[in-house]
Amino acid sequence: VETNAGGTTNVNANINTTATQTYGDTVNLSAATIFTATDATIAFNGNITGNQALRVVSGTADINFRGTVNADNLIAESGGITRFNGVNAASVFTDAVGTTELNGNITTTVSQIYNDPVSLTAAVQLQTTSAPITFNGNVTGGQNLTLNTQEGIPLSLGEGAIGFEFGSGNIVTGK
């Protein structure tokens with residue numbers, strides 16, 4: 001599947017392929033949607049709109065969200081790299097396989113759960129209003145990470161050895 005830049009692709013059903021999916025324009029979700037590519041990259045080069053539940057599954061390949069994702073619950077399952085440039089959603093969940101790269105701010109009303117290692121490729125702010133931000137893998141990158149939760153909402157570091165390595169970056173917490 002490939003769409004060109006400009007315009008909008010309206011999606012109201014699941015999309016399943018055995019090859020790469022590249023969406024060059026804005027993708028508007030009219031219903032809860034699952035994008036699946038069997039061990040092939042799924043790339044959204046524009047924004048995602050519609051505020052519907054979104055699940056993206058790429059097997060061993062990458063998932064690229066190059067625009068801002070506006071969704072209800074967002075689930076990303078990738079054995080490669082999942083790249084986020086900005087998210088406004090109810091919740092964000094990544095699976096334990098692969099790596100997540102954060103290059104933009106993530107704002108949720110509920111939880112953010114990063115089950116795989118997270119790499120910061122830019123200064124990032126993670127914000128949630130009613131549930132914890134959870135890291136179940138190491139967080140690395142020479143960038144600043146700002147964590148904002150409502151008072152009384154914890155930052156969760158999962159079980160096991162979770163490391164933070166930032167080089168010249170900093171962790172800033174606030175409410």
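The values are calculated or read from the model by the stated rules, or taken from the named source; none is laboratory data. Just so it is clear, the model here is predicted, and its values are computed rather than measured. A quick note on method: Cβ atoms are made from the backbone with ideal geometry, for glycine too, and the neighbour counts reach across all protein chains shown. Heavy atoms of the whole protein, side chains included, go into the accessibility calculation; ligands, DNA and RNA do not. Shrake-Rupley method; radii C 1.70, N 1.55, O 1.52, S 1.80 Å.
On average, how much area does the Cα convex hull of the chain cover when viewed from any direction, in nm²?
Computed as one quarter of the Cα hull surface, the answer is 9.2 nm².
Separation between the Val97 and Thr60 pseudo-spin-labels, each 7 Å from Cα along Cα→Cβ, expressed in nm?
It works out to 0.9 nm between the two label points.
Please return the longest range in the chain lying between exposed loop sites, taking GluC sites (Glu not before Pro), DSSP loop only, at most 16 other beta-carbon atoms within 10 Å, and leaving the sites out.
Here the longest segment lacking exposed loop sites spans 1-150.
Multiplying the sequence separation of Thr18 and Ile153 by 0.36 nm and subtracting their Cα-Cα distance, what value in nm do you get?
Residue separation times 0.36 nm, minus the Cα-Cα distance, leaves 44.5 nm.
Within region 1-156, what whole-number % of the accessible surface is contributed by carbon and sulfur, with the 1.4 Å probe and all protein chains included in the calculation?
After summing per-atom areas, the C and S share lands at 46 percent.
Which distance in Å, rounded to a whole number, links the C-alpha centroids of region 83-124 and region 21-69?
Here the answer is 14 Å between Cα centres.
Leaving ligands and nucleic acids out of the surface, order Val97, Val139, Val57 by accessible area at 1.4 Å, largest first.
Val97, Val57, Val139
Once the piece of chain linking Asn10 and Thr121 is laid out straight, how much longer is it, given 0.36 nm per residue of separation minus the C-alpha distance between them?
36.9 nm
Using a probe radius of 1.4 Å on heavy atoms only, what accessible surface per residue do you get for region 34-165? Whole Å² is fine.
Heavy-atom SASA per residue in region 34-165 reads 38 Å².
Can you run phi through the Karplus equation (6.51, -1.76, 1.60; θ = phi - 60°) for region 114-126 and list ³J(HN,Hα) in whole Hz, with x for Gly and Pro?
10, 7, 10, x, 10, 10, 8, 9, 7, 4, 10, 10, 10
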